[in-house]
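Take a look at the structure set out below.
The values are calculated or read from the model by the stated rules, or taken from the named source; none is laboratory data. None of these values were measured; they are calculated from a predicted model. Cβ: placed from backbone, ideal geometry, glycine included. Neighbour counts: every protein chain shown.
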Amino acid sequence: MVLRLLTAGESHGPQLTVVIDGLPAGMPLAAASIDRDLRRRQGGHGRGGRQRIERDRVQILSGVRGGRTLGSPVTLVVVNRDWQNWQRPMQVEAAGFRSKPVRRVRPGHADLAGALKYDFDDARNVLERASARETAARVAAGAVAKRYLRLALGITVHSYVTRIGAVTAAVPGAPDRAAVEASPVRCPDPLAAAAMVEAIDRARADGDTLGGCFRVEALGVPPGLGSYRQWDTRLDGRLAQALCSIQAVKGVEIGDGFAAAGLPGSRVHDEPWYDPAHRRFAHRSNRAGGVTGGISNGEVVWCTVAVKPISTLLRPLRSVDLATKAEVSAHYERSDICVVPAAAVIGEAMMAWVLAEAAAEKFGGDSLPELRRNVRGYRARLRRR
């Protein structure tokens with residue numbers, strides 16, 4: 001069984017569309033379980049005016065009957081409410097088309113690179129698809145992947161913010177999940193969270209933006225997902241690519257990756273042992289982030305992700321006009337001040353999707369009962385070792 005995902009749609013188009021192929025038949029799936037993550041993506045202190053317009057909810061248009069998947073492709077749609085304000089400049093038909101061209105490209109965005117690549121003289125043709133609005137579709141798909149992982153393997157995926165701007169959180173142990181969801185910046189350290197809110201407010205007053213870091217982790221991952229057989233089958237490589245594909249992400253660290261680079265091996269490598277109480281092999285630490293040799297090793301899979309500051313500034317930076325080549329101030333498109341809390345939710349979606357792909361490859365199963373039988377058989381084999 002192979003899981004496949006495609007998304008389509010523009011930021012100010014009528015809708016975002018998701019097609020998921022390869023889900024097993026018989027999996028319970030309801031819009032409400034997807035909508036919860038869509039709401040979480042729209043939250044977080046520092047979000048802009050677009051979130052007051054959109055009220056993201058998913059429509060399930062195919063692949064589900066009577067609340068259960070059919071094994072056929074699942075189509076999800078998230079409607080863009082802002083489309084009503086953009087129908088003429090974003091319409092498909094040529095007749096009556098009224099363009100709102102963007103020629104003052106924005107530093108840090110895909111505007112210039114995309115215009116040069118596709119031979120556009122209007123950066124709106126680039127920014128509409130390059131926009132992070134597209135991540136609403138990915139979060140919808142990720143919510144489906146989370147359900148697949150939980151129902152088939154008991155895997156759960158979580159995230160929390162560790163840094164915004166210069167403010168770093170202290171999280172000595174497992175974070176309080178309820179505290180994370182209650183925090184306006186999705187940070188479990190209340191003192192750091194308050195300082196993060198203040199930093200975002202200062203950036204807003206200064207016409208600036210802030211980035212930061214978040215951690216995303218998956219609990220209950222069995223050993224054996226991913227492979228060392230080829231470079232593109234390695235689980236750590238797949239996770240890094242998926243997380244780095246999120247708009248504004250510029251760095252992905254698996255486990256203690258960057259810290260480990262400055263330490264001797266004796267202080268880095270996780271020592272294996274056998275846990276007789278649970279009849280399993282385990283590790284005395286988890287600095288590798290739950291992945292060794294491109295394969296999940298049975299520990300928590302965790303990554304830290306770096307998000308750059310939002311590129312659209314209230315006080316625009318210098319740029320260039322695509323048509324005249326003259327120096328200008330960059331175009332301003334309604335934007336956020338900080339998206340790190342929302343990016344963490346998107347990070348959950350991408351990690352869940354990669355793990356679901358890897359689980360589908362390993363365990364197969366055309367129906368949920370068959371998939372569960374395969375998982376049970378594998379776990380029984382591990383206990384017999």
Check your understanding: Only one residue in Ala169, Ala113, Ala199, Ala195 is surrounded by fewer than 17 Cβ atoms within 10 Å (Cβ to Cβ) and without any contact (Cβ under 8 Å) to a residue 60 or more places away in the chain. Which one?
Key -> Ala113
Review point. So which of Leu61, Leu29, Leu38 ends up being crowded, with 18+ Cβ neighbours inside 10 Å and more than 10 Å from Ala140 (Cα to Cα)?
Key: Leu29
Practice item. Kindly check whether there is at least one residue in the range 181-189 that is farther than 19 Å from Ile34 by Cβ, without any contact (Cβ under 8 Å) to a residue 12 or more places away in the chain and of a type in the set (D, E, K, R). Key: no
Review point. What number of residues in the range 41-77 are modelled with pLDDT of 95 or more and either among the aliphatic types (A, V, I, L, M) or assigned to a helix (DSSP H, G or I) (or both)?
Key: 9
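Listed residues Ile295, Ile346; which is buried (at least 22 other Cβ atoms within 10 Å of the Cβ) and either in contact with a helix residue (DSSP H, G or I) (Cβ under 8 Å, 6 or more places away or on another chain) or hydroxyl-bearing (Ser, Thr, Tyr) (or both)? Quick ask: steps written out before the conclusion?
Working: Ile295 fails: buried (at least 22 other Cβ atoms within 10 Å of the Cβ).
After ruling out the rest, the residue left standing is Ile346.
Regarding Leu263, is this residue part of a loop (DSSP other than H, G, I, E, B), loosely packed, with under 14 Cβ neighbours inside 10 Å and either among the aliphatic types (A, V, I, L, M) or touching a residue at least 24 places away in the same chain (Cβ under 8 Å) (or both)?
Details: part of a loop (DSSP other than H, G, I, E, B): yes; loosely packed, with under 14 Cβ neighbours inside 10 Å: yes; either among the aliphatic types (A, V, I, L, M) or touching a residue at least 24 places away in the same chain (Cβ under 8 Å) (or both): yes.
It is true that Leu263 is part of a loop (DSSP other than H, G, I, E, B), loosely packed, with under 14 Cβ neighbours inside 10 Å and either among the aliphatic types (A, V, I, L, M) or touching a residue at least 24 places away in the same chain (Cβ under 8 Å) (or both).
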Point to revise | Given (1) out of contact with any Ser or Thr (no Cβ under 7 Å at 6 or more places or on another chain); (2) on the phi > 0 side of the Ramachandran plot; (3) surrounded by 20 or more Cβ atoms within 10 Å (Cβ to Cβ), number of the condition Gly290 does not satisfy | key: (1)
Study note, to complete from the structure: Taking first residues from the range 17-29 that are part of a loop (DSSP other than H, G, I, E, B) and second residues anywhere that are modelled with pLDDT under 95 and of a type in the set (Val, Ile, Thr), the pairs with Cβ under 7 Å that are 6 or more apart or on different chains are Gly22/Val2
Revision key, fill the gap. The number of residues in the range 1-16 that are at pLDDT 95 or above and either in a helix (DSSP H, G or I) or small (Gly, Ala, Ser) (or both) is 2
Study note, to complete from the structure: Among the residues of the range 1-28, the number that are within 12 Å of Thr75 (Cα to Cα) and touching a Ser or Thr at 6+ places or on another chain (Cβ under 6 Å) is 4
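Within the group Ala174, Ala113, Ala143, Ala178, which residue is within 19 Å of the chain's Cα centre (by Cα) and either of a type in the set (Gly, Ala, Ser) or farther than 21 Å from Ala248 by Cα (or both)? Can you show your working first?
On the way: Ala174 fails: within 19 Å of the chain's Cα centre (by Cα); Ala113 fails: within 19 Å of the chain's Cα centre (by Cα); Ala178 fails: within 19 Å of the chain's Cα centre (by Cα).
Matching residue, one of Ala174, Ala113, Ala143, Ala178: Ala143.
Looking only at the range 303-316, which residues are outside any loop (DSSP other than H, G, I, E, B) and either among the basic types (Lys, Arg) or crowded, with 23+ Cβ neighbours inside 10 Å (or both)? Let's see the steps before the verdict.
Narrowing the range 303-316 to residues outside any loop (DSSP other than H, G, I, E, B): 303-307.
Listed by number, the residues that qualify are Cys303, Thr304, Val305, Val307.
Can you pull out the residues in the range 260-298 that are among the small types (Gly, Ala, Ser) and over 19 Å from Gly226 (Cα atoms)?
Across the range 260-298, the qualifying residues are Ala260, Ala261, Gly262, Gly265, Ser266, Ala277, Ser285.
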